[in-house]
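Notes follow once the structure below has been shown.
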Amino acid sequence: MKPFSTIHLGLLVCLSLLLTGTHGYAQEKTTKSLRKACNQGVASACAKVGQRTTSRPKISAAFLGRACKLGHAASCRDIGLMYHNGKGLKQNLPRSAKLFTVACEQKDLMSCTILASMYQAGYGVKPDVPKALSLYQKACAGNEFVGCGALSEMYANGTGVPKSLVKARSLAKKACKAGTPNACARLQALQRK
């Protein structure tokens, strides 16, 4: 059985997450509760503080980094994006690729898609089309539809796979049905071929 303090901290986190939209004293108190829970090792609390402090990127990165180390995949992706885009932190593509890898391994499929695009373009990592293909396949299989759209392009162009308009259309259709930007236009273009 968990000690009372851990249960209490968990309840504080839940209440804090419900009060996210509050202002003033309640907001400050909520943030203090989240910081306390983060210090006790509650990954979601660290992530929430990181999200609340984006106007102070170094503080945000510290909390997101802690959440990532505690197994919060979306935080690994968020800090990876900060390093990838050089937003608030000095751009560091190899570090962002490592963070996307951690997040992808924890089944954050958006991170798989981002990482795949880096490998496909050789952006911050050594180009590796087979690895990009594998990551796009993983993302698409989990219904990360931007990954499906990118995979469609690979089949349409024969990049790392035998060219197959049938597979390209099927993947573009899947992405289009999900409302992925540009996927429907891509599907129309593929249907004209």
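Laboratory data are not the source of any read-out in this text; all were calculated from the coordinates shown. Computed from a predicted structure; not experimentally measured. Cβ placement follows ideal geometry from the backbone for every residue including glycine, while neighbour counts extend to all protein chains displayed.
The charge dipole of region 78-156, taken about the Cα centre with unit charges on the Cβ atoms of Lys, Arg (+1) and Asp, Glu (-1), comes to about 280 debye, rounded to the nearest 20. Against the empirical curve 2.2 N^0.38 Å, the C-alpha radius of gyration of region 35-193 lands at a ratio of 1.15.
What does the highest-first list of 72-85, 151-164 look like by mean Cβ count within 10 Å?
Numbers: 72-85: 23.5, 151-164: 17.4.
Those peptides, ordered most packed to least, come out 72-85, 151-164.
First check a/c for region 120-171, with a ≥ b ≥ c the square roots of the eigenvalues of its C-alpha gyration tensor; if it is under 1.5, answer rounded, and if not, answer prolate when a/b is larger than b/c or oblate otherwise. Oblate is the answer for region 120-171, as a/c is 1.5 or above yet b/c matches or exceeds a/b.
Length gained on full extension, N157 to A141: 3.7 nm, using 0.36 nm per residue less the C-alpha separation.
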